[in-house]
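What follows is a set of notes on a single structure, which appears directly below.
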Amino acid sequence: MHVCKKHNDITTGRGFIHTYVLVLIFLFTHSSIAGTNSIKIESADGVIIEDMYSVNANISYQLGKENRNALEHGIPLEFDIEFRIKKRRPWMWDQTLISRTITYRLEHQPLSGDYLVTRLDNGDLKQFQKLEDVLVYIGKIKNFPLIDTATLGTGGIFYAQVKTHLNIEALPAPLRPLAYISSEWRLSSPWQIWMIKE
Amino acid sequence: MRKSGQLIFITGVILFILMLSSLIMMSNALQDSSHFRDLYLGLLIFNTLGLLVLIVLIALNLKRLIKQLRNRIPGARMTIRMVSMFTMLSVTPVLVVYYFSLDFLIRGIDNWFDLRVEQALNDSLDLSRQSLDIRMRDLLRRTRQMADELSDITDAAIPFEIDDMRTKSGAKELTLLTRQGTIISSSADDPFHLVPDRPSETILLQLQQGNNYTALDTIRNGGLHIRVVVNIPSFGMESGARIIQALYPVSERINQLAESVQDSFIKYKELSYLREQLKKSFVIILTLVLLFSIFSTVWAAFYTARRLAEPVTNLARGTEDVAQGNYTTQIPVPGNDELGFLVASFNEMTRKIAQAQDAASRSQYEAETQQSYLEAVLGTLSSGVLVLDQDKRVRTYNRCAELILGIPIAAHTDQSMEEIAKKYPSFNQFKAGIESHLSSTQNNWREQIAITNSSGRIILMCSGTTLPGTHNMQHGHVIVIDDITALIQGQRNAAWSEMARRLAHEIKNPLTPIQLATERLRHKYLQGMRADDTDTFDRLTNTIIQQVETMKDMVNSFTDFSSTPEINLQMTDINELLKEVIDLYANLNSNAEIIISLSGNIPLIAANKGRLRQVFNNLLKNAFDACDRCKVFRLEISSDCIIENDQKYVEIKIKDSGMGITEDIMDSMFDPYATTKTKGSGLGLAIVKKIVEEHKGLVMLVNNSPSAGACAIVRLPVNELYDQKSENGSVNRKAI
């Protein structure tokens, strides 16, 4: 008797709603799992090396299925890592003292089956057999010089910020409209900010 | 309006060119990413916004058109019809082209991808790999041999051997490292290449696990190279575990071929991946082009239809203006085509109509001026003028005609004489007097007519002339009316005065000797006569003397009538004067019923009291005499202030209950010796009339109706221009 009632619940409107909600929850969680594409700046701080304020950053890249699929099909992906040092100003917007960008271009080479990483700002070229190695490589920024410490010697409050994102404008034109509206392609981290001098 | 229209047109053309250019750039960017690559999304947004602007423009045009249609503005329906026609004619083929283009496009993109081509590319890639694998295996074997050779050489001796080994092996770079990645020694064919290419951590890890590494690597600025990393066997030497890395260049030709195969493969895979996106992008562009074409066409249709309909709309408006009487309407000529000719003809027509209307207005003004002039002239005439048409309807008259006839002709203009005669008996008399002349064929005629109006009986001299008829108007009549009553009366009075003066003169002369002779006779013979003769003689001589006295009185009356003494006017209260005279007659007859009704608002008038007293005395005496012979003796005496023909009068009525006046003597009652009484001189009413006329007044005698008796009416004018009473009671007459 109890079993029958349960069976009826499913076929009735109330049961259908339950099923529908469960399906929605499943789809949401599934899509969350499947679409684990994200960029997160795990850590970022500065260090002074030879009178230059340099940055060390640890960035975690997680590409989704669609991004990987595009890369496998020869679509190059470009990641821009932007660094800025700003000086706080009262009553006005903050002054940007310097802004620098590291751009990594990721390509897949079908002949060797490897992944090629080119740092576009200095032309460095690296080749990896696994995509994960590539992501680890581009996620580690070590001693990237930004500004002369003499500039920071003046009075005021200085802070640094870093952000990284997938450059959609570097994608092929037919893909760009989709990339702008699809969460699969909107890979971007929020600004990570740390104080240099208070 | 025209300037704003040009501005909209220029803006539309600029928008059209910009959108067309951006669509071309978008298409290029899609087909070849090297062109306008970075602008693609901006162009897409620009085109979308441009389409929105076009939609807004069309919506505004549509709204304006619907508003015009609701307000029934001329040309709106025509514009809608033309826009619909243009849109249908242009949109239909564009939609057909769009449908087939879309089909061809999708089919074309699908045709790019062929399984055989894909297989061929895969095979090419495999072939390249196989070819390189053979080479890599050979190079691995060669590197292993070098590793075996190096196993016996200490780290210190390596620098002396490594160059030679690199040269023999054909490697571009040969590097000896520890398993941890520390470089022990290196040799390169490029002397400027100071920093050797270090294997990655992954490769080192692989080597630490005892595996060798062989792979095709892309070296910065070096193209494809084969990287071989192998462990160097150690046989109990002091040196630690070491590895050797050799970078072998791939031949130029193989490098080119491999890159070509790889590029083609990548391109194909990319296109294959972007297949659906490409389709969507091309569909978007094609749809944008379609919408752009349709919206541009619709907008252009609105613009063109409005421009084409503008002259027709202007013509319709101009026609409405002309229908409403505005003949100054001029429409801008659109061009030299047939429509321009039509508009120019319309302008010419309205110009000529305006000129004709101006001429008509001028003629009307001139006619009105002439009419005013004529009326002014007629108004100044002392004679009355009456113009009748062929139907004897009153067309024109002057003020004097109204005064003479005593009727308001203004209220009866365009009415026939019969209609007016029914309302006014005096006009009926006038009509009866002239009707025979109007019906006759005589062109000029004169007739003396007597009519009775509110002023009494008047004599008119009428002169008539028949007007010549015109082409659209039959003949009429002009009648000139002169009131000759005063003239005739004056002539009659003058004749009577002359006769009275002569009669008095001729009679008075013998009377005195007669009287004196009779008195001498009495004085000389009366005392000496016998008694029986004395009575007779006394009676006869007394009779002579009395009759002579009577004749003297009569002669004095004649003298008074004929003389014109200077009149001395004083401000007089007529009511008081009447009361004085009535008092004299109040106790004359105990049977007399005298009703006095004197108005309280009688103004003072300038009059000679003595002479007016004589007037009232004569009239009351006549009234008493008239009632003496009747059973009912009733007198009604009244005074009032009346206004007639803008003139204020004091009107005195003395109504008796006598026998009245017969028609045969009605006309001559005021003539001397016109009397029905057995005694009296017959000058009483003549003197009354004379005195009243001296006061610029008028006197009438009318029979009472329906009661018996007659009524004497005296009207004395109230002249506002007389000064108030002076100190001695006299008034001075101002110049009028």
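The values are calculated or read from the model by the stated rules, or taken from the named source; none is laboratory data. Model, not experiment: these values are computed from the prediction. Reconstructed Cβ throughout: ideal geometry from the backbone, glycine too, with neighbour counts over all protein chains shown. What goes into the accessible areas is simple: the full protein's heavy atoms, side chains included, and nothing from ligands, DNA or RNA. Shrake-Rupley method; radii C 1.70, N 1.55, O 1.52, S 1.80 Å.
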- Message: Quick one: 3J(HN,Hα) in Hz for region B:142-158, Karplus 6.51/-1.76/1.60 with θ = phi - 60°, rounded, Gly and Pro as x.
- Response: 5, 5, 4, 4, 5, 4, 4, 5, 7, 5, 8, 9, 6, 4, 5, 8, 4
- Relative contact order of region B:367-521, pairs being alpha-carbon contacts under 8 Å that are 6 or more residues apart, as %: 19
- Query: Using a 1.4 Å probe on the protein chains only, how many percent of the accessible area of the protein assembly as shown belongs to carbon and sulfur?
  - Reply: 56
- Query: P(r) of chain B in 10 Å steps, Cα pairs, percent per bin?
  - Reply: 2, 8, 10, 9, 8, 6, 5, 5, 5, 5, 5, 4, 4, 4, 4, 5, 4, 3, 2, 1, 1, 1, 0, 0
- Given 12 as the ceiling on other Cβ atoms within 10 Å, longest exposed-site-free region of chain B for GluC sites (Glu not before Pro) in DSSP loops: B:239-565
- Query: By the gyration tensor of its Cα atoms, with a ≥ b ≥ c the square roots of the eigenvalues, what is the shape of region B:395-464: rounded for a/c under 1.5, prolate for a/b over b/c, or oblate?
  - Reply: oblate
- With contacts defined as alpha carbon pairs under 8 Å and 6 or more residues apart, what's the relative contact order of chain B in percent? 7
- Under the Karplus relation 6.51 cos²θ - 1.76 cosθ + 1.60, θ = phi - 60°, what is the ordered set of whole-Hz ³J(HN,Hα) values for region A:125-132, x standing for Gly and Pro? 10, 9, 10, 9, 7, 10, 5, 4
- Item | Relative intensity, log₁₀ I(q)/I(0), of region B:464-579 from a Debye sum that treats every alpha carbon as a point, q = 0.10, 0.11, 0.16 Å⁻¹ | -0.64, -0.70, -0.92
- region A:152-198 to region B:527-590: how many Å between their Cα centroids? 148
- Note on the structure: Given backbone amide H placed at 1.01 Å from N, residues whose amide H is under 5 Å from that of residue B:232, ignoring those fewer than 5 places away on the same chain, are B:242, B:243, B:244
- Message: Using only the Cα atoms of region B:277-425, what semi-axes does the equivalent ellipsoid have when each is the square root of 5 times a gyration tensor eigenvalue? Give whole Å, largest first.
- Response: 72, 18, 11
- Query: Could you give the distance between the Cα centres of region A:53-106 and region B:181-223, to the whole Å?
  - Reply: 29
- Item | Cut-off under 5 Å, modelled amide H: who pairs with residue B:604 long-range | none
- Query: Using the Karplus equation 6.51 cos²θ - 1.76 cosθ + 1.60 (θ = phi - 60°), what ³J(HN,Hα) coupling, rounded to whole Hz, does each residue of region B:544-556 give in order, writing x for Gly and Pro?
  - Reply: 4, 4, 4, 5, 5, 4, 4, 5, 4, 4, 5, 5, 4
- Note on the structure: Once normalised by the length of region A:37-197, the mean sequence separation of its alpha carbon contacts under 8 Å that are 6 or more apart gives a contact order in percent of 29
- Taking the Cα atoms of the protein assembly as shown alone, what are Rg (to one decimal) and Dmax (as a whole number) in Å? 70.5, 237
- Message: Past 25 Å, Cα to Cα: identify those pairs from B:423/B:690; A:140/A:163; A:40/A:65; B:392/B:423; A:40/A:130, in the order given.
- Response: B:423/B:690
- Query: What is the Cα coordinate range of region B:570-717 on the first, second and third principal axes, sorted by size from largest, in whole angstrom?
  - Reply: 37, 32, 30
- Note on the structure: At the level of C-alpha centres, the distance separating region B:92-140 and region B:286-360, in angstrom, is 62
- Task: At a probe radius of 1.4 Å, figure out the A/B buried accessible area, summed over both chains, and give it in Å² to the nearest 100.
- Result: 2700
- Item | Loop-located trypsin sites (Lys or Arg not before Pro) in region B:63-170, at most 12 other Cβ atoms within 10 Å (DSSP) | B:72
- Item | Amide hydrogen neighbours beyond the local backbone of residue B:649, cut-off 5 Å, H modeled | B:642, B:643, B:644, B:718
